[in-house]
Every structure is written in structure tokens, then in C-alpha cells.
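Visitor: I have a structure here, written as C-alpha cells, and I will follow up with some questions on it.
The values are calculated or read from the model by the stated rules, or taken from the named source; none is laboratory data. In this text, all values refer to a predicted model and were calculated from it rather than measured experimentally. Cβ: placed from backbone, ideal geometry, glycine included. Neighbour counts: every protein chain shown.
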Amino acid sequence: MTGMNERVDTRVLEQDLKSIFGTRLVSIATYAGQHSLVIVDTLHADDLRACAKRVDAWHDAHLATPLVLAAHEFEDALDAFPLEFGAILADHTVTFGKAPFDGLTVDPADLRRAIEVQARSHLLHLREGLIETRGRSDALSLLITDSAAAFSALLTSVARLDRSFDAGPVAKEVAALAGHHHDLGNADAERLFPGYLDAVERLVKHIDTWSA
């Protein structure tokens, strides 16, 4: 278990979940800021309806709607969601109950496959987006800035699998635009895009041939 950079107060959530699930509540873990993963022994539609009545109070407490899973569902879904659930494994804090992830790891083969899908989708998006700019530099600037967050997430995923891959300085410059809303100048967009596209193409080839 690893700690998080930002702890959230989950007492409201914990009290409500105890009233809904009683002894069926196994654990609560926080991750990614205000998000919570809840593990219960059994999960029924009536439980979800009871949770729905408390959503406003949770949001008022600055808590996201929790992800509620029945026992073993997280483990069973690791191969289906290696990126999302792997990120929870890597950075979470148990705030109630027993540690729910002891002994669980993401299979590198599942992670590689998921990253390949992510990378190839990003590459296709950039190619299609470039065509749709109609040669306009301002549209190219928007394409870069709008895709920067997804590209930054892609690089984070790759680093979890293979820290030796170097996307290059242009890729890092694009990734740094994630979360920033300032305009990217047209000249900078024209300068960055060829290297950006090349970095994604190299990344796809690297992941396609990667092996543990």
C-alpha cells in the first residue's frame, strides 16, 4: 500500500456505507484524490439504490461517487482494466477495513496489450486530426493542446511498463501542456507537431514489440 499526495475525509462516506452494508462492508480505499473504492461481501440493486440517495451528501463533502465492487471483482477484472486498476494498486490508502489488494499484481502482458490499444488509438486520433485541420495552424494548435492530457496519461502508462523508453524532448514538451489552458502559438504548433507524431509512432512500435 502506498500513501497519496492528498488525503480526503471519508468519515461521511464510511458512516453511510456502514449503515447500508453493515457487516458486509469489507474495506474502503481512497485513490486519485477524492475517489474511493469500496469492497463489499455481496452487492445488490437495493444497495445501489440506497447509495444513490446519499450521493448529494457525498458530493457536498467533496467526495466523488464511490466505485463499489463485490468481493473478488477487483481481482477478476485486473486483466480487463490493467491500466485503471493498476493505477489504484500503485497509489491508494486504505481508510477502513482490511487491505483489499494484498498479493494482487497486474500481469505485464495485460498491461502491454492495454497500452498498445491506448497508443494506437492516440496515433489514429492525431492522424485524423491533422487531416481535419485543413492545413490551419490554429486548428493544429488546438489538436495538440486538446490531446496533451491523453498523451501525458499514455506516457505515464508506458513508464509503468518500461521506464527505459525515452519519448524525447518534443514529447515531453507536449505532455507538459496537459492541464494548462494557455494558448499554444501557431508557430510553436507547427514546430511541435512533426516531433509529436513521430514520438507516438515510435512509442507504438516499441510497445508492439515489447516483452518482459
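Visitor: Scanning for something under 30 Å from D76 (Cβ atoms) and either of a type in the set (S, T, Y) or in contact with a helix residue (DSSP H, G or I) (Cβ under 6 Å, 6 or more places away or on another chain) (or both), does the stretch 187-206 turn up at least one residue?
Guide: yes
Visitor: While we're on this one: What is the number of the single condition among (1) over 23 Å from T30 (Cβ atoms); (2) in contact (Cβ under 8 Å) with a residue 24 or more places away in the chain; (3) not β-branched (V, I, T) that A90 does not meet?
Guide: Answer for A90: the failing condition is (1).
Visitor: Which helices (runs of 4 or more DSSP H) sit wholly inside the stretch 87-193 and have at least 2 residues that are touching a His at 6+ places or on another chain (Cβ under 7 Å)?
Guide: Filter on the stretch 87-193 gives 137-161.
Rundown of residues vs (1) touching a residue at least 12 places away in the same chain (Cβ under 8 Å); (2) surrounded by 15 or more Cβ atoms within 10 Å (Cβ to Cβ), yes/no style:
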| site | (1), (2) |
| --- | --- |
| E128 | no, no |
| G135 | no, no |
| I144 | yes, yes |
| L155 | yes, yes |
| R160 | yes, yes |
| G179 | yes, no |
| F193 | yes, yes |
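Visitor: Same structure, new question: If you check every pair at least six apart or on different chains, which have Cβ atoms under 7 Å apart with a residue in the stretch 94-110 that is more than 18 Å from A71 (Cα to Cα) and outside the structural domain of L67 (by TED's automatic domain parsing) first and a residue that is surrounded by 12 or more Cβ atoms within 10 Å (Cβ to Cβ) and among the basic types (K, R) second?
Guide: Once the first residue is more than 18 Å from A71 (Cα to Cα) and outside the structural domain of L67 (by TED's automatic domain parsing) and sits in the stretch 94-110, no partner that is surrounded by 12 or more Cβ atoms within 10 Å (Cβ to Cβ) and among the basic types (K, R) comes close enough.
Visitor: Would you call L161 of a type outside the set (D, E, K, R) and assigned by TED's automatic domain parsing to the domain that holds V38?
Guide: no
Visitor: Here is a further query. Just to be sure I understand, how many residues within the stretch 98-148 are over 19 Å from G86 (Cβ atoms) and aliphatic (A, V, I, L, M)?
Guide: 11
Visitor: Can you tell me which residues in the stretch 4-25 are modelled with pLDDT of 90 or more and surrounded by 14 or more Cβ atoms within 10 Å (Cβ to Cβ)?
Guide: If the condition is that a residue be modelled with pLDDT of 90 or more and surrounded by 14 or more Cβ atoms within 10 Å (Cβ to Cβ), then V12, L13, E14, D16, L17, K18, I20, F21, R24, L25 are the ones that fit.
Visitor: Restricting the stretch 194-212 to residues that are over 22 Å from the mean Cα position of the chain (by Cα) and outside any helix (DSSP H, G or I), which is nearest to H125 (Cα to Cα)?
Guide: Checked the stretch 194-212; the qualifying residue nearest to H125 (Cα to Cα) is S211.
Visitor: Those residues that are surrounded by 14 or more Cβ atoms within 10 Å (Cβ to Cβ) and touching a Lys or Arg at 6+ places or on another chain (Cβ under 7 Å), I need them from the stretch 31-65; list them, please.
Guide: V40
Visitor: Find the residue count for the stretch 47-77, including only residues that are small (G, A, S) and assigned to a helix (DSSP H, G or I).
Guide: 3
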